[in-house]
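Since the structure comes first, as structure tokens, the remarks are kept for the end.
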Amino acid sequence: MGEFLNYTVNGALIGLTYALVAMGFVVIYRASKVFNLAQGELVVLGGFIVWLMMIQLDLPLIIGLPIAFLCAGIFGFLIDRIFFSRMAGQSVFAMVMVTIGLMILLRGVVLVAFGAQVRQFPAVFPVFPVIWGDFLIPQAMLYGGVITVCVALGLAWFFNRTRAGLRMTAVAEDHQVAMSLGISVRRSVIIAWIMGSMLATLGAIIFLSNRSISFITSEIGLLALPVALLAGLESIAGLILAGILIGIVQGLAAGYLDPALGASVSSVLPFVIMLMILFIRPTGMFGWKTIERV
């Protein structure tokens, strides 16, 4: 029973980390209608910025992390200005192709700037796990789960209660209607990319604390994809439930199915669950339903 609970709790915490990365998908999509397939590469870029500040430059935590988040925000701003500022009104296919190109470009930039070798990521959180009875929980995942819930609540409040968030929500509905109401679509999209880049950096800090980083760490973007699609690309709070669900399923599969079958079932099962849910509800569990007059 203790083993089962350990798999469940640790799986839920890992799922919350996926939910944090998936928030980058949702924030960018809500304002720009761009499904950013390069979100995993943004996680790697943000992680290497943190590594550069704290390992290479040997800056203290209280200085290095704010500078890293500032740099991530600047990169998000530049990505929008260079790649998406002239893409307003283009087709969904064109937007997806641009994000694929951005994914390849960012991976190349990381390889050129930092190399292909694996590097030790700084221990932002305490290394020793929390031991409570039969539970053995890494502190990075525990702190990360709390941070993810707080960030989700903050973003939900921002989008639903503040003027800036409501403007971004209006932009997500329809760019032309938003502009007719005097809302700056360009400003909303820029804010979304800055927020998405910062969320990717925060996800890197939690996921990689006291672990290793390389360009293949971008796979976390693929792992967060079922969470984003399962919750729905407009729902912030729904990501928490979807992340916990995917994490628990993956944790239990890794603990029981993988050893029994001798295969990595845990890496495939989240995508199977995602497809099953999307067959029933294409907009995800909490996605917006679109009603159109025929």
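Out of (1) free of Cβ contacts under 8 Å to residues at least 40 places away in the same chain; (2) closer than 20 Å to GLY40 by Cα, the odd one out for PHE84 is which?
Unmet condition: (1).
In the list GLN117, GLN56, which residue meets the criterion of being within 18 Å of ILE213 (Cα to Cα), touching a residue at least 40 places away in the same chain (Cβ under 8 Å), out of contact with any helix residue (DSSP H, G or I) (no Cβ under 9 Å at 6 or more places or on another chain) and polar (S, T, N, Q)?
So the residue among GLN117, GLN56 that is within 18 Å of ILE213 (Cα to Cα), touching a residue at least 40 places away in the same chain (Cβ under 8 Å), out of contact with any helix residue (DSSP H, G or I) (no Cβ under 9 Å at 6 or more places or on another chain) and polar (S, T, N, Q) is GLN117.
For (1) at pLDDT 85 or above; (2) closer than 25 Å to VAL146 by Cβ; (3) among the aliphatic types (A, V, I, L, M), each residue gets a yes or a no:
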site	(1), (2), (3)
ALA224	yes, yes, yes
SER235	no, yes, no
TYR256	yes, no, no
SER267	no, no, no
MET274	no, no, yes
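Just one of the numbered conditions (1) at pLDDT below 80; (2) in a loop (DSSP other than H, G, I, E, B) is not true of ASN210; which one?
(1)
Exactly one condition in (1) in a helix (DSSP H, G or I); (2) among the hydrophobic types (A, V, I, L, M, F, W, C); (3) surrounded by 15 or more Cβ atoms within 10 Å (Cβ to Cβ) is false for LEU78; which is it?
(3)
Does ILE190 satisfy the condition of being aliphatic (A, V, I, L, M), in contact with an Asp or Glu (Cβ under 7 Å, 6 or more places away or on another chain), in contact (Cβ under 8 Å) with a residue 40 or more places away in the chain and buried (at least 18 other Cβ atoms within 10 Å of the Cβ)?
Yes: the conditions hold for ILE190.
Any residue at all in region 32-54 that's assigned to a helix (DSSP H, G or I), closer than 25 Å to PRO138 by Cβ, at pLDDT 90 or above and touching a Pro at 6+ places or on another chain (Cβ under 6 Å)?
yes
I'm trying to understand the selection: among the residues of region 1-58, which are among the acidic types (Asp, Glu) and either surrounded by fewer than 24 Cβ atoms within 10 Å (Cβ to Cβ) or touching an Asp or Glu at 6+ places or on another chain (Cβ under 7 Å) (or both)?
GLU3, ASP58, listed by residue number.
For region 123-136, indicate whether the set of residues that are closer than 17 Å to GLY46 by Cα and either free of Cβ contacts under 8 Å to residues at least 24 places away in the same chain or part of a helix (DSSP H, G or I) (or both) is non-empty.
Checking region 123-136: not a single residue is closer than 17 Å to GLY46 by Cα and either free of Cβ contacts under 8 Å to residues at least 24 places away in the same chain or part of a helix (DSSP H, G or I) (or both).
GLY182 is checked against (1) over 17 Å from ARG30 (Cβ atoms); (2) assigned to a helix (DSSP H, G or I); (3) without any contact (Cβ under 8 Å) to a residue 24 or more places away in the chain and fails just one. What number does that condition carry?
(2)
Considering only residues of region 276-294 that are surrounded by 10 or more Cβ atoms within 10 Å (Cβ to Cβ) and in a loop (DSSP other than H, G, I, E, B), which is modelled with the highest pLDDT?
ARG281
Only one of (1) surrounded by 15 or more Cβ atoms within 10 Å (Cβ to Cβ); (2) out of contact with any Phe, Trp or Tyr (no Cβ under 7 Å at 6 or more places or on another chain); (3) under 29 Å from TYR143 (Cβ atoms) is not met by MET95, so which one is it?
That leaves (3) as the condition not met.
The values are calculated or read from the model by the stated rules, or taken from the named source; none is laboratory data. As the structure is a computational prediction, the values presented were derived from the model and not from experiment. Here Cβ is always computed from backbone atoms with ideal geometry, including for glycine, and neighbour counts include all displayed protein chains.
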